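Enquirer: Here it is, the structure in full.
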Amino acid sequence: MGNRRMGLGRMEVLLEAIDRDLNLVNSTLTNCTITTSAAATFTGGVTLNSDLTVYGQAVNQMSLFGLNPIWAFNFGDPSVAASATEAGGKDTVLTPIGTLFNLSLALAKFASQTAELSVAQTTELLGSTASASTSAAIAAGATSVIMPDNLNVTRVTGNVGANLTLTASTFDYQANESALMIFKGGNVITASQFLKLTMHTDAELNAGGSEVIVSGAGTNNMTRATAPTDADAIIILTASAADTTIIEGSYIYILVENNTDEVNIKACIRTTGGTIAVTYAA
């Protein structure tokens, strides 16, 4: 056809008539709508970097993983109907491992987003009107820098290059309070080193309601860590004999019993490179 120009209409007709595979490797489709009269098949996986909308309705992040739309309402024994509230996680260690794991996957979006979590987002997580999140780096000082106060969410950055014991938290959690600590990912704990988180002297751990799972090195093989003893007040994260990277969405959730001085922790720590052992001390 030489140098003859092709009109936009003709180009559109040709594209619509294509009856072959299109190789879109390294291509980005921006603000596009895909319409099909038949089932669409995606091979190799689909990555979504924004919220999913189905039939005009935004899909709640937790719903994608079969969870209660309110993140904090997923803990506890699923066979007990009354457990589908924030209080369901109190004084029980019967949350299924799969649920604790999926809660971490659901948090990955919140861990990785650039902007701080909005009030709407943190409220969706904790189930009560909460504050916008803050981000804080692991550094010498008080535990309360990275472990937040009631109805707050902290996204944790930074690494542990050498054994680090944080001083006691300034937050004396009261009855029925809750808070969430999310690892933003890429948090490296050098081989065989530890991070010690120290609770407030009047915010001791409750053995009957604390449950923690940890992954294998780069695997989804999750196992339950040993529970704390009543009155333990230090949470210790120790890397195996290899530099260990905590994966985004890993979390430590604080849920206080009906009585002050009884703090449950619910946690999922996923890692690559090595593993994390979670232990406790008084």
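Enquirer: Go through region 19-28 residue by residue and turn each phi into a ³J(HN,Hα) via Karplus (6.51, -1.76, 1.60, θ = phi - 60°); whole Hz please, and just put x for glycine and proline.
Expert: Here the 3J(HN,Hα) series is 10, 7, 5, 10, 8, 10, 4, 6, 9, 10 Hz.
Enquirer: Also: Please give the contour-minus-distance gain from Asp172 to Thr134: 0.36 nm per residue of separation, less the Cα-Cα distance, rounded to one decimal in nm.
Expert: Length difference between fully extended and current span is 11.8 nm.
Enquirer: R0 = 45 Å: FRET efficiency of Arg5 with Thr36, Cβ-based, nearest 0.05?
Expert: Details: r = 32 Å, r/R0 = 0.70.
Working from the Cβ atoms, E equals 0.90.
Enquirer: For Ser210, which sequence-distant residues (separation of 5 or more, or a different chain) have an amide H within less than 5 Å of its own amide H, given hydrogens modelled in the peptide plane?
Expert: Long-range HN contacts for Ser210: Ile265.
Enquirer: From Cα pairs below 8 angstrom and at least 6 apart in sequence, can you work out the relative contact order of the chain, rounded to a whole percent?
Expert: Computed value for the chain: 15 percent relative contact order.
Enquirer: Which loop-located chymotrypsin sites (Phe, Trp or Tyr not before Pro) does region 139-247 contain, where loop means any DSSP state but H, G, I, E or B and the Cβ has at most 15 other Cβ atoms within 10 Å? Before the final figure, lay out each step's value.
Expert: Details: sites: Phe171, Tyr173, Phe183, Phe194; in loops: Phe171, Tyr173.
Hits after loop and neighbour filter: nothing returned.
Enquirer: Given Cβ point charges of +1 (Lys, Arg) and -1 (Asp, Glu) and nothing else, what value in debye, to the nearest 20, does the dipole of the chain about its Cα centre take?
Expert: 1280 debye
Enquirer: May I ask you to derive the FRET efficiency for Asn258 and Thr157 from their Cβ-Cβ distance with R0 = 30 Å, giving the value to the nearest 0.05?
Expert: On the way: r = 34 Å, r/R0 = 1.13.
Once rounded, the FRET efficiency stands at 0.35.
Enquirer: At 0.36 nm per residue, and after removing the present C-alpha to C-alpha distance, how many nm does the segment from Leu22 to Ala281 gain when stretched out fully?
Expert: Numbers: separation 259, 0.36 × 259 = 93.24 nm, distance 5.91 nm.
Between Leu22 and Ala281, full extension yields 87.3 nm more.
Enquirer: On to the next question. For a distance above 35 Å, tell me the whole-number percent of Cα pairs in the chain that qualify. Mind showing how you got there, number by number?
Expert: Numbers: 10321 of 39621 pairs.
Pairs farther apart than 35 Å: 26 percent.
Enquirer: Against the longest alpha carbon principal axis of the chain, how many degrees, from 0 to 90 and to the nearest 10, is the axis of helix 97-112 turned?
Expert: 70 degrees
Enquirer: Taking R0 as 41 Å, what FRET efficiency do you get between Thr229 and Ser118 from their Cβ-Cβ distance, rounded to the nearest 0.05? Mind showing how you got there, number by number?
Expert: Values: r = 38 Å, r/R0 = 0.93.
Rounded to the nearest 0.05, the efficiency is 0.60.
Only the coordinates and a few stated rules stand behind these numbers; no lab work does. Given the structure is predicted, the values throughout are model-derived calculations rather than measurements. Cβ: placed from backbone, ideal geometry, glycine included. Neighbour counts: every protein chain shown.
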